[in-house]
Amino acid sequence: MKEFGASALEQRMGNLEWIAPRVLIHERVIEKIMEAYPVMPTRFCTIFADRERIEEILRLHHVEITHFFSDIADKEEWGVKGYIDGSQLQKAIKGLSPAVQPVAEKLKEASPGQAYLLRKKRDLAIKDGLNGMTLKITEKVFQDLLAHAVMGVKNKLFKLEEHKEREEMILNAAFLVLKSDVRIFRGKVKETEEKYHSRGLAFSVTGPWPPYNFCPVFGDESGG
């Protein structure tokens, strides 16, 4: 417990070299157990001081825990992420958006002063069009995939260093899928990728993962 005590953890949680291998082991243990049993995963460094604390949690949250295991029976969590190549989609918007085309025509004959203002107006129209189209597509994709899942959630978007600078995450979702429907679900993601690839959007599916996104929350999960 010394290595994982409250004060020790507070100092080490910002140390990537210390935390990364331990998080990996934590995940591997959970995934190994998943091969044989359903699991209710806890966050890394969720530590209970003694057996009595575990028994207390089980007693207080017996109903939620029972419902959770019932909900995930014969199901798996799969993650779907979507990315956009903004430059490629901007080209499509320039040619299709009714808000952009008139401004583009005026630019051809504008004076230098007018051209500056028109370019600002054009760029704003492109940005609005890009945001609007992205929201519309991601919501449609989420709902289409949800039709092949039991439950789905949208998570916070983030940026990973390995992705190109021009790529931006537009969807970070998790779905609880019946094991019998996994092949269909994965096929639907592939269809989605093929449908939107030419517009500068990319979608990928990963899993199965421990069902973190569908676990009940018991308030303070530090263990105590």
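No value in this document is a laboratory result; all are computed from the given coordinates. Values in this document were obtained by computation on a predicted structure and should not be read as measured data. Neighbour counts are summed over all protein chains in view; Cβ atoms, including those assigned to glycine, are modelled from backbone coordinates with ideal geometry.
Numbers for the structure displayed
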item: Packing rank of 47-57, 168-178, where each peptide gets the mean count of other beta carbons within 10 Å, highest leading; result: 168-178, 47-57
item: Taking T66, T138, T42 and counting other C-beta atoms within 10 Å, the order from fewest to most; result: T66, T42, T138
item: Dimensionless Rg over Rh [segment 6-73; C-alpha; Kirkwood]; result: 1.04
item: Calculated P(r) of segment 142-217 - Cα pairs past 16 Å, %; result: 55 percent
